[in-house]
Amino acid sequence: AIRDCVDSAVPFPVDGVYMVSDYKREVMDVYNGNYAKPLSTGFPNLDEIYKVMPSTFQLVTGIPNHGKSNFIDQLAVNMAQRHDWKFAIYSPEHSTTQHIRRLSEKVVKKPFDIGPSERMTPNELADAMRFMDDRFHFIEANDEIPSIDWLLEKCRAACLRYGVRGIIVDPYNEIDATRGEGKREDEHIRDLISKCKSFCRKHNIVMWMVAHPSKMQRGNDGAYPPPSLYDVSGAAHWNNMCDVGLVIHRDFDEGVTQVITRKIREQGVYGNIGEAFFRYNLTTHCYEPEVSVDGYTTTSWTND
């Protein structure tokens with residue numbers, strides 16, 4: 001009996017070390033097509049180079065006042081309308097009341113304020129707010145700058161209670177940057193991104209984090225070129241660790257907004273490196289795809 005016990009003994013598992021057989025179900029699911037698939041952004045031209053993939057951490061950057069927040073708001077409304085996604089938003093740089101005002105314009109496709117174009121009616125505004133009420137949740141920290149742990153705890157509650165699928169943090173520098181003694185800034189950023197990526201995988205959500213570039217140099221024409229992910233203030237970890245890196249850049253002379261995919265970790269699965277162009281419609285207050293005007297066309301550099 002003792003010999004049988006010894007011969008049939010199963011080794012005690014080592015925490016954190018796994019065998020191929022531990023992943024059998026997941027691998028078979030992938031083989032049979034039963035896995036999370038990327039979702040349309042609602043923009044056909046952007047879908048050619050970028051789709052929204054669950055369980056990913058996504059960096060959004062661009063020069064100030066080039067429309068980063070506005071474009072991510074548009075993407076969130078598209079996802080809510082097209083896929084019934086729910087969002088948790090931490091955006092302390094913007095008044096929540098004004099933020100809801102801007103979101104309502106993208107839902108109704110009419111301006112909120114009195115102006116040259118027809119304004120949304122009170123009934124249209126009420127309908128938009130009813131649509132947004134259980135789809136957009138706002139995180140506020142009152143008088144203190146929150147730590148990443150505090151923020152992720154609020155996001156966790158929003159995921160579990162409200163079924164949130166997308167989280168927007170706008171911007172990164174509104175998170176407490178206090179570091180432990182002897183810890184460098186790049187180490188702090190590395191650990192913050194690691195926590196966010198783990199959260200995204202655990203809860204199967206997408207997090208868009210807006211981070212500003214450091215001071216940039218003008219080109220020979222006097223204009224600022226689109227930044228790279230290495231231009232983001234703080235550390236190269238932004239480029240190295242994010243799953244997706246988006247740059248929002250506006251050509252004020254042409255009135256064209258450029259969305260550049262600087263980083264797609266799984267190219268061919270949920271995007272490629274490339275660029276897509278949009279115009280901001282001042283009547284509807286929404287972005288519209290710009291297929292080809294004055295030489296601007298959606299381009300997938302990977303496929304070229």
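Side notes on the structure shown:
- Whichever residue in region 171-188 is free of Cβ contacts under 8 Å to residues at least 40 places away in the same chain and over 21 Å from the mean Cα position of the chain (by Cα) and, among such residues, is most open to solvent (accessible area, probe 1.4 Å): Glu181
- Candidate set from region 29-70 (those that are open to solvent by 30 Å² or more (accessible area, probe 1.4 Å) and among the basic types (Lys, Arg)); member that is nearest to Arg262 (Cα to Cα): Lys51
- Cβ separations smaller than 8 Å between residues 6+ apart or across chains give the following pairs from region 15-37 residues that are under 21 Å from Lys51 (Cβ atoms) to residues that are among the charged types (D, E, K, R): Tyr35/Asp29.
- Within region 270-289, considering residues that are over 17 Å from the mean Cα position of the chain (by Cα) and among the hydrophobic types (A, V, I, L, M, F, W, C), the one modelled with the lowest pLDDT: Leu282
- Some residue of region 232-249 being farther than 18 Å from Pro44 by Cβ, among the small types (Gly, Ala, Ser) and open to solvent by 40 Å² or more (accessible area, probe 1.4 Å): yes
- Residue in region 197-206 that is more than 15 Å from Ile148 (Cβ to Cβ) and either more than 18 Å from the chain's Cα centre (by Cα) or buried (at least 21 other Cβ atoms within 10 Å of the Cβ) (or both) present: yes
- Filter pass, Asp143 being at pLDDT 95 or above and of a type in the set (Asp, Glu): no
- Filter result (among the β-branched types (Val, Ile, Thr) and closer than 15 Å to Ser69 by Cα) within region 154-170: Ile167, Ile168, Val169
The values are calculated or read from the model by the stated rules, or taken from the named source; none is laboratory data. What you see is a predicted model, and the numbers here were worked out from it, not measured in a lab. FYI the Cβ positions are ideal-geometry reconstructions off the backbone, even for glycines, and counts take in every protein chain you see. Just so you know, the surface numbers come from the protein's heavy atoms only, side chains and all, with ligands and any DNA or RNA stripped out. Shrake-Rupley method; radii C 1.70, N 1.55, O 1.52, S 1.80 Å.
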